[in-house]
Amino acid sequence: MSKTIAIVGGGPAGLSAAELLSASGHAVTVFEAMPTVGRKFLLAGKSGLNITHAEPYEQFRTRFGTANERLSAALDAFTPDDIRRWAAGLGTETFIGSSGRVFPMVMKASPLLRAWVARLTAQGVSFRMRHRWTGFSSNALNFETPDGPLTVEADAVLLGLGGASWPRLGSDGNWVELLHEKGIAVHPLRPANCGFDCDWSETFRARFAGAPLKSVALTSAAGRFPGEFVISRHGIEGSLVYAHSAALRDAIEAESKAILTVDLAPGRNEERLARDLARQNAKASFSTRLRKAVGLDGVKGALLREILPDAARLSAEELAKAIKALPLTLQRPRPIAEAISSAGGIAWEEIGADFSLHRLPGVFAAGEMLDWEAPTGGYLLTACMATGRAAARGMLQQFQDRT
C-alpha cells in the first residue's frame, strides 16, 4: 500500500530519500524553507562540485572520525562508485582530479540538480517551498507558510535539515530546540572545515590578507599534510587548514588555543637549510639571505617574521629549525555561519540502526543533522546522500514489518 511521507529539508539527504521512496511507489512531499531546494548544494558547486572521492574505499570509509562505525552500513550501500553511477544516470559524467576528488565534467552543480529534481518530479514527488518547520502537534508537523500556519500528517517523516553552517541557505540549526523539546539529546553544533583566528599585527594583515602560502606542510594532532592555505584578515583558511580543523577546534576547546606547525620548506631537510643559510653573506639583509638560501620571500618570509620578530638574530641552525617547524598560535575557530560544515548533532544513542528516532515513532533523521563530521573532498556529500538513502530503506522496512 502507498504511504504518505513528509520529508523536511530539500538538501542532498532529503532528496536522496525522496528518490528511493518515490521509486518504491509512495507519495512523497518535500517541505523546504527556502524558495528552492539544494541551495547549499548549488553554492558548493560554484567553483566545481566535488561529489565524492576516488581514494580506495577502505580508506574512504575511515574519514568520518568517531562516527565511522555508525556510518559504515550506509556508506557500504552507497559507495563513491555508486554516486558516480548515480550522476551518470542523470546525464552527468564525472572525472577524477589530480587530488583524487571527483567532479562533474561540466564542473557545475546546476545541471545535475535540475536533472535530479526533474527525475523526482516524474516519480511523483511534490515540493512545497517556503514551508518552514516549526515543530510537532502530537504526531503531526507544523509549518509556517506564505499562506499561514499549516499542519501536516503523514505515515512517516524524514528530517533532513542540515547543520548550522551557511544559515542564509537554509541550514540554520533552529531544529535543535524543537528536538530538545521532545527530550532528544543533541550535541552542540560546532564549526567544521573552518578557518581560524590569529592575532595578526595590523601591518601583516593589511599587506597579506588574501595571500596564499603555496608548497607548505601543516602538522597538528590530525597528522601532517602538504598543500597550501590562505592568510585572511582574521587568521588562516583554505583546504589545507580544513584538513586539520577538527583537531584544532578540539584543542582550542580543551586548552583555549591550538598550535599549528608550519613547514615553510617541505622539500628540504633541516640540515640542508642550515648549511644553505650559513653560506650566505652576513652583511646581506635578512630578506636577501632568506630568499637566496631558502627561496623564502613575500608572504612566507613575512609570516616567519610575524611569528618570530627576532628571526634575523637566530643562528643558521636555529633559523632552519624555525623554518621547518614554525609554531602558529590559533585563538579560536571562525563562527559556524562561515564554516563549510558543522560537527555535532543528534546523538547516536537517539538513532536506531535504521536511522529512526527512538523517542519519535515513525520519524527518521539523516544527513548533517546527525553527530558526524568529515573533511572536504566529497566525503560530506557522499555521507549525506548515503544516510538519506539508508533512512529511506529503514522506513521501507518499517512499512513492511507493519503489514
Revision key, fill the gap. The condition from (1) under 26 Å from the mean Cα position of the chain (by Cα); (2) under 26 Å from Ala337 (Cβ atoms) that Ile96 misses is numbered (2)
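Considering only the range 341-358, I want to know if a residue exists there that is within 17 Å of the chain's Cα centre (by Cα), of a type in the set (Phe, Trp, Tyr), crowded, with 19+ Cβ neighbours inside 10 Å and outside the structural domain of Arg207 (by TED's automatic domain parsing).
The answer is no; no qualifying residue exists.
Please specify each residue of the range 63-102 satisfying the condition of being small (Gly, Ala, Ser), under 27 Å from Asp371 (Cβ atoms) and in contact with a helix residue (DSSP H, G or I) (Cβ under 9 Å, 6 or more places away or on another chain). Lay out the reasoning, then the answer.
Let us first name the residues in the range 63-102 that are small (Gly, Ala, Ser), namely 65, 67, 72-74, 77, 87-89, 91, 97-100.
Now restrict to residues that are under 27 Å from Asp371 (Cβ atoms): 65, 67, 72-74, 77, 100.
Scanning the range 63-102 gives Gly65, Ala67, Ala73, Ala74, Ala77.
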**Study point:** Pick from the range 198-218, criterion surrounded by fewer than 17 Cβ atoms within 10 Å (Cβ to Cβ) and in contact (Cβ under 8 Å) with a residue 60 or more places away in the chain, ranking: nearest to Ile259 (Cα to Cα)
**Key:** Asp199
**Study point:** Contacts under 6 angstrom Cβ, first residue in the range 119-134 being within 30 Å of His180 (Cβ to Cβ), partner among the acidic types (Asp, Glu), 6 or more apart
**Key:** Met129/Glu32; Arg132/Glu144; Thr134/Glu144
**Study point:** Identity of the residue in the range 239-265, modelled with pLDDT of 95 or more and part of a loop (DSSP other than H, G, I, E, B), that ends up farthest from Gly301 (Cα to Cα)
**Key:** His244
Check your understanding: Has the range 229-249 got any residue that is surrounded by fewer than 17 Cβ atoms within 10 Å (Cβ to Cβ) and of a type in the set (Asp, Glu)?
Key -> no
Exercise for review: State whether one or more residues within the range 297-317 are at pLDDT below 95, over 30 Å from Asp172 (Cα atoms), in a loop (DSSP other than H, G, I, E, B) and touching a Ser or Thr at 6+ places or on another chain (Cβ under 9 Å).
Suggested key: yes
**Study point:** Test: residue in the range 56-63 that is part of a helix (DSSP H, G or I), over 18 Å from the mean Cα position of the chain (by Cα) and among the hydroxyl-bearing types (Ser, Thr, Tyr)
**Key:** yes
Revision key, fill the gap. Just one listed residue, out of Ala337, Ala312, Ala316, is under 29 Å from Ala192 (Cβ atoms) and either touching a helix residue (DSSP H, G or I) at 6+ places or on another chain (Cβ under 9 Å) or outside the structural domain of Ala209 (by TED's automatic domain parsing) (or both), and it is Ala337
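Of these, Ala211, Ala246, which one is over 15 Å from Ile336 (Cα atoms) and small (Gly, Ala, Ser)? Full working, then the answer.
Numbers: Ala246 fails: over 15 Å from Ile336 (Cα atoms).
Among Ala211, Ala246, only Ala211 is over 15 Å from Ile336 (Cα atoms) and small (Gly, Ala, Ser).
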Practice item. Return the total of residues in the range 141-182 being surrounded by 15 or more Cβ atoms within 10 Å (Cβ to Cβ), free of Cβ contacts under 8 Å to residues at least 24 places away in the same chain and assigned to a strand (DSSP E or B). Key: 2
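The values are calculated or read from the model by the stated rules, or taken from the named source; none is laboratory data. Keep in mind it's a predicted model, so treat the numbers as computed, not measured. Heads up, the Cβs are rebuilt from the backbone with ideal geometry, glycines too, and the neighbour counts pull from every protein chain shown.
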